[in-house]
Each structure stands twice: as C-alpha cells, then as structure tokens.
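Written out below as structure tokens is the structure these notes cover.
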Amino acid sequence: QVQLGESGGGLVQPGGSLRVSCTASGTIFKIYVMRWYRQAPGQQRELVAEITNEGGTDYARSVKGRFTISRDSAKKMVYLEMTRLQAEDTGVYYCNADLQRLSWASMLTYWGQGTQVIVSS
C-alpha cells in the first residue's frame, strides 16, 4: 500500500514564508512526477507546481517567482517552499505523485490527504 503524507501547513502572515513537505511511503519501485495542488474554500482544486524525476519543474502563473518545488528522490519526498505569501494562497495543499509500486506494474496516481495553509493577519 502506498501513502502520501503532507506536513508543514499552518497560519502565516501576508508576506511571510512557509514550507510544506510530502513523504511517500509503502512499496514503491519508482516515482515519476510529483505535484502540489491546492484547493481554496469553494473553489476547484488547482495545480500549483510539479517536478519530474529528472528535476524539471513547472509552476502555475500565480505562484511563479514566489514558490519553489523540489524533491529528494532518495527520501521519496517533495517540498514546496512558499514565499511572499498572499491571502489568495490560502487553501488545502495536496501532494500528488505518479508512481509504480513494482517494476512490472502500471503507473498510477496517488494523493495525500492535504495540509491546511492559511495566510492571514
């Protein structure tokens, strides 16, 4: 069984910084793309950033230049460093990963349960 567990959310003032982390655990052969999504109250879940197993990254236009995604493949972790946070960044942040459990298995997508980030004074 594979699990993704997020941590590091919390309350931060506008203009502040926060780092959220996600750890993949269980039987995992290979992790391909890892992503961070967020969902604000009353809105659809949106892709914030993604990183490939080769280190290629992509960001939503709204966070480019403020957020940085990184990963530690050996630890099966992905991070999202968030700076210059704004009220609009408030939401539940979800970790997502495309991975194979076994070498002969199909690639599947897994989700974490999310961590709350609140940007407010």
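The values are calculated or read from the model by the stated rules, or taken from the named source; none is laboratory data. Here the structure is a predicted model, which means the values were calculated and not measured. Positions of Cβ are backbone-derived with ideal geometry, glycine not excepted, and every protein chain shown enters the neighbour counts. The accessibility values were calculated without ligands, DNA or RNA, using every heavy atom of the protein model including side chains. Shrake-Rupley method; radii C 1.70, N 1.55, O 1.52, S 1.80 Å.
Quick look at the numbers
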{"item": "Residue check, Arg66 over 25 Å from Ser120 (Cβ atoms), surrounded by 15 or more Cβ atoms within 10 Å (Cβ to Cβ) and of a type in the set (Lys, Arg)", "result": "no"}
{"item": "Residue, most open to solvent (accessible area, probe 1.4 Å), within the range 1-31, restricted to residues that are in a loop (DSSP other than H, G, I, E, B) and farther than 28 Å from Arg84 by Cβ", "result": "Gln1"}
{"item": "Failed condition for Ala87, given (1) surrounded by 14 or more Cβ atoms within 10 Å (Cβ to Cβ); (2) aliphatic (A, V, I, L, M); (3) under 15 Å from Val119 (Cβ atoms)", "result": "(1)"}
{"item": "Unique match (being β-branched (Val, Ile, Thr), in contact (Cβ under 8 Å) with a residue 24 or more places away in the chain and not in a loop (DSSP other than H, G, I, E, B)) among Val63, Val48", "result": "Val48"}
{"item": "Test: Pro41 is open to solvent by 70 Å² or more (accessible area, probe 1.4 Å), part of a loop (DSSP other than H, G, I, E, B) and at pLDDT 95 or above", "result": "no"}
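Yes/no matrix, rows are residues, columns are (1) closer than 24 Å to Ser17 by Cα; (2) of a type in the set (D, E, K, R):
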site	(1), (2)
Gly65	yes, no
Arg71	yes, yes
Glu81	yes, yes
Cys95	yes, no
Trp104	no, no
Gln113	yes, no
Ser121	yes, no
